[in-house]
Amino acid sequence: MQRLNLKQLAERSQGFAPGHRACAGCAFPSIIRMLLAAGADYDLVIANATGCMEVVTTIMPYSAWPVPWVHNAFENAGATISGIERAYKALLKRGKIKNAKKPVKFVAIGGDGGTYDIGLQALSGAIERGHDFLYVLYDNEGYMNTGIQRSSATPLHAHTTTSPAGTVIPGKQQPRKDLTKIIAMHRPRYAAQGSPAFWNDLVKKFQKGLEVDGPAFVAVLSTCPPGWGTPENMSIELTKLAVETRFWPLYEYEDGYWKVNYKPRKFVPVEEFLKHQGRFKHIMKRPELIKEIQDEIEKNWKELLWLESRKKEEEK
Amino acid sequence: MEKGTFIKMALTGNEAYAYAMKQINPDVVAAYPITPATEIVQIFSKYVANGEVDTEFIPVESEHSALSACVGASVGGARVMTGTSSQGLALMHEIQYIAAGLRLPIVMAVANRTLSAPINIHGDHSDTMGSRDSGWIQIYTENANEAYHSVIMAIKIAETVNLPAMVMLDGFIISHEMEVVNTLPDEEVKKFIGERKPLYNLFDFENPVTVGPLDLQDYYFEHKRQQMEAMFNAKKVILEITKKYNDTFGTDIPAFVEPYRLDDAEYAVVALSSAASTLKEIIDEWREKGEKVGLLRLRITRPFPYEEVKKYLSGIKAVGVMDRAETHSTLGGPMLQEVKAALYDAEKRPKITGFVFGLGGRDFDDEQANTVLSMIKDLKDGKELPLYSFIGVRE
C-alpha cells in the first residue's frame, strides 16, 4: 500500500467537482476527497444512500461525481451495491463488458440515518453475503438532511429537533449505538473508525478497506455546523477534539483483532469537545450531565483497550 | 423448431416459471422466499447450484433488498429477474416505483396472494392490485402454460420499452397446480429474447454516469412524462411482440384481452387469471341452454386495454366485472372501476355491476359462477343491482 503525502493526496483527489451545495463547513466533501484519493488506484463504482450527500452533490442536471454513481433509496445502499457488484461479475463473465483498465472496486456511502437506523438490515445482509465492497459511513450524528432529528448515532444529551433540550428532558436520553462494533461482529474483512482531522490514518483506512477482497466498513465522524451548532471554520478541529477526548476513538478491526490507532497522551475532558457546540449548550452548566457523557467515554474506552489486549499468537 | 411443435412437460405454475427463467438464464437474480412463490426461487437456486445456469444469484435478506439489489444490477446493465408474493410485494412497494422511474426492465414473477391482516397465505389479487400505479407492466396469466410463455415475452417487452414488468400467476391455484406446458427449446428462447441493450454502460469508467440524482421541480415532470410515454408506447410494443411470438412458435397467447363467445353476447362477464377458466366452463353450459353470454378476460392491465374493453363490451346490454381484490373505497373492486371508466364514453354503454370474490383464497366454484351469470342476466333484464356484490361469503 502506497503511503500518500499531502501533495499526492491533493493530486489524486481531483475530480470531485466544486459547486456542489454542501453547507459551508460540512466535513463530508473533505472525506469524499480523501476517499477518492485513496481509491485513485482503482475504478470505483459508488452507491449512495439518500441523504445530505446524495442531495447536494447531484442536483439535476449537475453532478459532482467523477466516477459512476448510483442512488436508489434511503435504506438500501447495501443491497444496491450488492446488485451492482454481481452485475459487474456477471457481465464480465459473459463477455458483455470489457475489463476495466484498473481493478474495479465497489463503494457504498451512507449517513448515520441510512446506516445505523433504516439501512442497517441491508448493510448487515450485504456483509454476511460477503460482497466485495467498502461501506463508508459519514456520521454527523443525526438526520441532518430533514432538519436535525435524532438518530441512534446521536450522542447522549445532544439537542436535536426530536430530542429537544426541554425544561424537563435535557436532550437525547440514550447514548449512541456502537455501530462499528456491531459491524465488526459480522466478521467483515475490515472495519474501522476514522476522523478527517487524522487524514493520514483515514486515507490508510480507506486504502485498506478498498484493498481487501470482501466486505469492509469505515465509519467517519463528520461535522455538521447547522446540526451541531458549531462555527463553520471549526469542523476539522472538532473532529480532532472528538478523537483527543476519546469521544470518537480511532480503531480498526482486522482478522478478529482490534487495534486502537491513536491513544491521546494526555487526558482531555469531554467539555473541550462539547463546549463549542450549540447542541450541548443546555448542559454546559450541568456538570452531572457532562459527567454522564464522560463516564460513557471511559466505559467504552476501557472496553476498547480490553478488546485490543487480545494479541495474535506471534505478538505474545 | 417446427412451428407448433412443443416439448410437452408436466409442470406446476411455479415450475413453469422457474423453467422459463432457466432458459432465459438472466445475468442476475436476487430473491427472498415467500409462500406461494418460494418454489420459484428454490428451483432456480438448484439450477444455479447444479450449473444449469450461470446466473449470479443473490439470496438477499428481505424482499426490499431483493428489488433493491435488482435495481442495482439492472442499473449495471444486467438482465435481472426476481419473484415474490403478497407481503413481499408490499415490502418492495417503495422500490417498485424506483425501478420504473429509473426505466429498468426488471421482470418479476408474482404468485398472487392476499395481504395481511388477517394473515393468510392463499391467493387473491390484493398484492398486485396495490401496485397498479407503480409504473410496472402488469400481466395476469390464466394457467401455467400461459405463465411460461408470458415470462419469455415479458423480457422482450420490458427491454424494448425500458419499463419493468410483473407476470402474475394465481397463488396455489396456478402456482401449485400441475398441467401440461408446451415449452420451447432453449435456443429458441435465447434467440427470441436476444440480448439486453442497456441505455448506458455504468462500467464505462471513461464516461462515468450519475444515476438517480435529485430531480426537482425543473426536471422531474419531464422525466415522468417520458416514463408515461414509454407506457403509451408499450401498447404497440406488446401487440407486436405477442404477434411475433405467436407467429414464430404457433402459440395462441392473447395480448391484452381474450374475448370468449362474445360475438353475439347480450351480457358478459369480465375476469382475470384462473377465474376466467371456471367462468368459461359455466358459460359453455349456459350457451348450450341458449343463453347469449360471453366473457372478456383481461390479461394485461398495465397499460390498461381501454380500447379493447370498449371494442368488445360496447353494445353489450349488461356486464359484470369480477374482482379478486378490494379497494376499500366502497366504490367496488379495482377492475370494476377501471372497466367502468373505459366504457364511460362508449357509444352504447352497458349496464355494469361488480363482484368481489375469492378473497384469501376462497374457492371460486361452479355455484358462484352460476350466481354471477344469473345476476348479470337479471341486470340485463332490467333488475336493479347494487354497485357491486360479494360472492361466496357468509354475510
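Counting other C-beta atoms within 10 Å, and keeping those with at most 14, which DSSP coil trypsin sites (Lys or Arg not before Pro) do you find in region A:1-84? Intermediate results must be reported in sequence, preceding the final value.
On the way: sites: A:ARG3, A:LYS7, A:ARG12, A:ARG21, A:ARG33; in loops: A:ARG3, A:ARG21.
Of the trypsin sites (Lys or Arg not before Pro), the ones in loops of region A:1-84 whose Cβ has at most 14 other Cβ atoms within 10 Å are A:ARG3, A:ARG21.
Partner shielding of B:52-64 amounts to 5, given as the average count of beta-carbon atoms from other chains within 10 Å of each residue beta-carbon.
Antiparallel versus total DSSP beta bridges in region B:257-391: what percent is that, nearest 5? Kindly include the intermediate steps, with their values, before the conclusion.
Values: 4 of 23 bridges.
Here the antiparallel bridges make up roughly 15 percent for region B:257-391.
Each DSSP beta bridge with both residues in the protein assembly as shown is either parallel or antiparallel, and the antiparallel ones are about 25%.
For A:LYS177 and A:SER309, the difference between the fully extended length at 0.36 nm per residue and the C-alpha to C-alpha distance is 45.3 nm.
Inter-chain Cβ neighbour count for B:76-86, averaged per residue, equals 4 (cutoff 10 Å, partner chain atoms only). Length gain on complete extension for the stretch B:LYS383 to B:GLU291, per 0.36 nm per residue less the alpha carbon to alpha carbon distance? Taking 0.36 nm per residue and subtracting the Cα distance, the gain is 31.4 nm. Taken along the Cα-to-beta-carbon direction at a fixed 7 Å, the label points for B:ASP186 and B:ARG349 span 5.6 nm. Within region A:177-223, the percentage of alpha carbon pairs spaced more than 16 angstrom apart rounds to 37%.
Scan chain A and report its longest stretch carrying no chymotrypsin sites (Phe, Trp or Tyr not before Pro) that are both in a DSSP loop and have at most 15 other Cβ atoms within 10 Å. Show your work: numbers first, answer last.
Numbers: sites that count: A:TYR62, A:TYR262, A:PHE267.
Maximal segment without exposed cleavage sites: A:63-261.
For chain B, the convex hull drawn through the C-alpha positions has a volume of 150 cubic angstrom per residue. Protection proxy ranking for B:138-151, B:264-277, using the average of other Cβ atoms within 10 Å per residue and placing the highest first: B:138-151, B:264-277.
If you keep only loop residues by DSSP, which GluC sites (Glu not before Pro) in region B:1-100 have at most 14 other Cβ atoms within 10 Å of their Cβ? Intermediate results must be reported in sequence, preceding the final value.
Working: sites: B:GLU2, B:GLU15, B:GLU39, B:GLU52, B:GLU56, B:GLU61, B:GLU63, B:GLU94; in loops: B:GLU2, B:GLU52, B:GLU61.
Listed in order of number, the matching sites are B:GLU2, B:GLU52.
If eta is 0.890 mPa s and T is 25 °C, what Stokes-Einstein diffusion coefficient results for region A:6-315, Kirkwood Rh from Cα pairs, in µm²/s?
Numbers: Rh = 19.8 Å.
Estimated diffusion coefficient is 124 µm²/s.
Taking the DSSP beta bridges in region A:179-255 as the whole, what percent of them are antiparallel, to the nearest 5?
Numbers: 3 of 8 bridges.
If I count the DSSP bridges inside region A:179-255, around 40 percent turn out antiparallel.
When the chymotrypsin sites (Phe, Trp or Tyr not before Pro) in region B:157-256 are filtered for DSSP coil states and for at most 15 other beta-carbon atoms within 10 Å of their beta-carbon, the remaining sites are B:TYR200, B:TYR219. Pair-distance distribution of the protein assembly as shown: all C-alpha pairs, bin width 10 Å, starting at 0; shares per bin in whole percent are 3, 14, 22, 20, 16, 12, 8, 4, 1, 0. The value of relative contact order for region A:1-141, using C-alpha pairs under 8 Å at least six residues apart, is 26 percent.
Annotation for A:GLU232 and A:ASN99: the two label points, set 7 Å from Cα along the Cα-Cβ direction, are 4.8 nm apart.
Taking all Cα-Cα distances within region B:257-391, those exceeding 27 Å account for 9%. For region B:7-249, the relative contact order is 24 percent, taking Cα pairs closer than 8 Å that sit 6 or more residues apart in sequence and dividing their mean separation by the residue count. Here the contact order of region A:167-316, divided by its residue count and restricted to Cα pairs under 8 Å and six or more residues apart, works out to 21 percent. Heavy atoms of the protein chains alone define the surface here; on that basis the protein assembly as shown has 40 Å² accessible area per residue at 1.4 Å probe size.
Okay, helix-only estimate at 222 nm for the protein assembly as shown: each DSSP H run of n ≥ 4 adds -39500 (n - 2.57), divide by all residues, round to 500 deg cm²/dmol; what do you get? Let's see the in-between values first.
Numbers: 24 runs with 268 residues, N = 711.
Rounded to the nearest 500, it is -11500 deg cm²/dmol.
Ordering A:HIS20, A:HIS159 by accessible surface, largest first, gives A:HIS159, A:HIS20; the 1.4 Å probe counts only protein heavy atoms, with every chain in place. With equal scatterers on the alpha carbons only and no solvent term, can you work out the Debye log10 of I(q)/I(0) for region A:202-316 at 0.18, 0.21, 0.22 1/Å? Debye curve over Cα of region A:202-316, log10 I(q)/I(0) at q = 0.18, 0.21, 0.22 Å⁻¹: -1.03, -1.23, -1.29. Summing Lys and Arg as +1 and Asp and Glu as -1 over all other residues whose Cβ lies under 10 Å from the Cβ of A:ALA192 gives a net charge of +1. Remark: mean inter-chain Cβ contacts per residue of B:197-209 equal 5, using a 10 Å Cβ-Cβ cutoff to other protein chain atoms. Can you pull out the buried accessible area for chains B and A, both sides counted, probe 1.4 Å, rounded to the nearest 100 Å²? Protein heavy atoms only, the B-A interface buries about 3400 Å². Scaled against the 2.2 N^0.38 Å expected of a compact globular protein of N residues, the Cα radius of gyration of region B:312-358 reads 1.13. Pairs spanning more than 24 Å between alpha-carbon atoms, out of A:LYS105/B:LYS156; A:LYS177/A:LYS266; A:LYS263/A:LYS302; A:LYS93/B:LYS191: A:LYS105/B:LYS156; A:LYS177/A:LYS266.
The values are calculated or read from the model by the stated rules, or taken from the named source; none is laboratory data. Because the structure is a prediction, the values reported are computed rather than measured. Cβ coordinates were reconstructed from backbone atoms using ideal geometry, including for glycine residues, and neighbour counts include every protein chain displayed. Just so you know, the surface numbers come from the protein's heavy atoms only, side chains and all, with ligands and any DNA or RNA stripped out. Shrake-Rupley method; radii C 1.70, N 1.55, O 1.52, S 1.80 Å.
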